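One structure below.
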Amino acid sequence: MRRRSGWRWITSGGLWLALSGCAQVPLTHPPAPSVVPPLVQRGRVEAQIETLPSAPNDVPTSATDPFPPAQYRALTAADVRRLACTHAPGASLYRREAAAPHLRHHRPTVVSPAANLRQLALQCTAREIQNRAVGSALETYYRLAEAEGKTDLLDESIAQLEIAVRETRDMLQQKLKPPVDVEVWSRQLHQAQGDRLKAQQAIEELNSQLRRMLGNTTLSERDRIWNPEAYHVNDEPIDLEAAVALALSQRAELILWRSAIQTLSPQTIGVIEEVLQSSHPLIGEKAGGPLGKSLQALAGSRQHGRTQIELRRQQLTEWLSQREAAIAEEVRQAVTSMRYHGRVVAIAWQRERSHFQAVQDGRNRQQQGLTSFAELTQLNLEWLRARADVLQATLAWYIARVQVWQAQGLLADAEPMSCDTTTGPRYSGPPHFRTTSTVHCRWK
């Protein structure tokens, strides 16, 4: 008995020590050792490059392109819009859900307000997704055109600089003093070659992005998308209030919120709460199972149901007001940006005309022997840079115009919408997509 009590005392004492922390229990996963970096003096970040196989002296421009020759496939802006609508991520899921025949078995009637509101919600969501997808695709499309255009201008600059380098070296061989040192031309040539490589890299990246947006995954890396259209800018004043009014009437999400307010009833409140939860997940509560749905239906005829409907009406009205104000401001900013870029195009074009006249005068003086090739080369380079500025400003205007259309909700592959909750969504006339300088709003 004593022996047993002794062992019992030892066991209970060990357990007490372990629980009190006096006994150390080995950890299953020991902590990872911490590393303290040593203190050092701050240095300089520099590229230590002495020789590169791909950068010999006087490397020709054609050898600086690491990609094989490309082949081009023409796509218009209308083609880009159509393909981006078709392949907008997620849009087809909502459209198929709206058109799924098996869902009709769960609806009392095909023309019930709840069924039509659910269908409208799916279609409006798909349209908003398409509107954003087309806006992104068109912006990428125009940035690609800008990169291609800049590449052409850089090629012309490089050709001018290569001629200047040869002319200068010929003068040095003839023991003549050139007007500009050969190293000056060489530095400008290397800068232009580097800029051309960056433009080529941008072209490859933008092509890859655009192929993915348009669903053209079968094209090879040699295939590049080409915009065959001419660019024209129209800087006439835009009727801002008409542009805002068009956005407020055509944005799919605003049509949905207005329809939800108009059809708010005990029969549609379940669908409306689902739509609200898509934007605000914590609003509303989901009824679980058949019993919960039955209680929710009974609540519509009681004071609690009336209070719930009034609460949803206030929430919908407040949210609609906020979204209308946000979309109106989005349109105003886009129209302001379009006006700004239109003026920038006008100024850049005037500057380019001035440089072009200077080049013409320089050529006339060169024919009379009154100017050197160095001066004419500089005039040509300045003219090419001015042309690049015009191109950049023009494409920025086109992107701003796309942003106006996107803010107005006109880029989706659907016609302008109106909704009758008795017969379902209806459409009234197509939003004509134009690639000229006309904007989707009324002009003053």
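I'd like the FRET efficiency for Ala325 and Glu274, computed as 1/(1 + (r/R0)^6) with the beta carbon distance as r and R0 of 22 Å, rounded to 0.05.
0.35
What distance in nm lies between label points placed 7 Å from Cα along the C-beta direction at Asp170 and Ser354?
Each label point is offset 7 Å from its Cα along the Cβ direction, giving 3.3 nm.
Straight-line reach from Lys175: which aspartates and glutamates fall under 18 Å, measuring Cα to Cα and dropping same-chain residues less than 8 apart?
Counting by Cα, and skipping residues close in sequence, Lys175 has these aspartates and glutamates nearby: Glu167, Glu183.
Which FRET efficiency value, to the nearest 0.05, is calculated for Ala346 and Gln367 with the Förster distance at 35 angstrom and r the Cβ-Cβ distance?
My answer for the efficiency is 0.60.
Which percent, to the nearest 5, of DSSP beta bridges fully inside region 65-427 are antiparallel?
Among the beta bridges of region 65-427, antiparallel pairing accounts for roughly 50 percent.
Where the only charges are on Cβ atoms (+1 Lys, Arg; -1 Asp, Glu), what is the dipole of region 121-226 about its Cα centre, to the nearest 20 debye?
160
Which residue, chosen from Leu206, Pro179, Ala242, occupies the Cα position most advanced towards the positive end of the dipole of region 173-242, where the dipole is computed from +1 (Lys, Arg) and -1 (Asp, Glu) charges on Cβ about the Cα centre?
Going by the charge dipole, the pick is Pro179.
Using the 10 angstrom Cβ neighbour count as an exposure proxy, how do Arg118, Arg401, Arg132 rank, fewest first?
Arg132, Arg118, Arg401
Using 7 Å Cα-to-Cβ label points, what is the Gln333/Ala74 separation (nm, one decimal)?
3.8
How far apart, in nm, are two points set 7 Å out from the Cα along the Cα-to-Cβ line at Val45 and at Leu197?
Placing both labels 7 Å beyond Cα along the Cβ direction yields 1.9 nm.
If contacts are Cα pairs under 8 angstrom and at least 6 residues apart, what is the relative contact order of region 65-427 in percent?
Across region 65-427, relative contact order equals 30 percent.
Within a 10 angstrom radius of the beta carbon, how do Val180, Val244 rank from fewest other beta carbons to most?
Val180, Val244
Quote the charge dipole size of region 122-170 about the Cα centre in Debye, to the nearest 20; the model charges only the Cβ of Lys and Arg (+1) and of Asp and Glu (-1).
The dipole of region 122-170 has a size of about 380 debye.
Using mean Cβ contacts within 10 Å as the protection proxy, how do 190-197, 124-131, 207-214, 363-370 order, highest first?
Order by mean packing, descending: 124-131, 207-214, 190-197, 363-370.
Using the 10 angstrom Cβ neighbour count as an exposure proxy, how do Val36, Val165 rank, fewest first?
With the fewest neighbours first, Val36, Val165 line up as Val36, Val165.
Would you be so kind as to identify which of Val402, Ala374, His355 lies farthest towards the positive end of the dipole of region 65-427, taking Lys and Arg as +1 and Asp and Glu as -1 on Cβ and the Cα centre as origin?
It is Val402.
If you wrap a convex hull around the C-alpha atoms of region 65-427 and split its volume per residue, what is the figure in Å³?
Dividing the Cα hull volume of region 65-427 by its residue count gives 169 Å³.
Bear in mind these aren't lab numbers, they're just calculated from the coordinates by the rules spelled out. Just so we're clear, the structure is a prediction, and the values are computed from it rather than from any experiment. Using ideal geometry, Cβ is built from the backbone for each residue, glycine included, and neighbour counts are taken over all protein chains shown.
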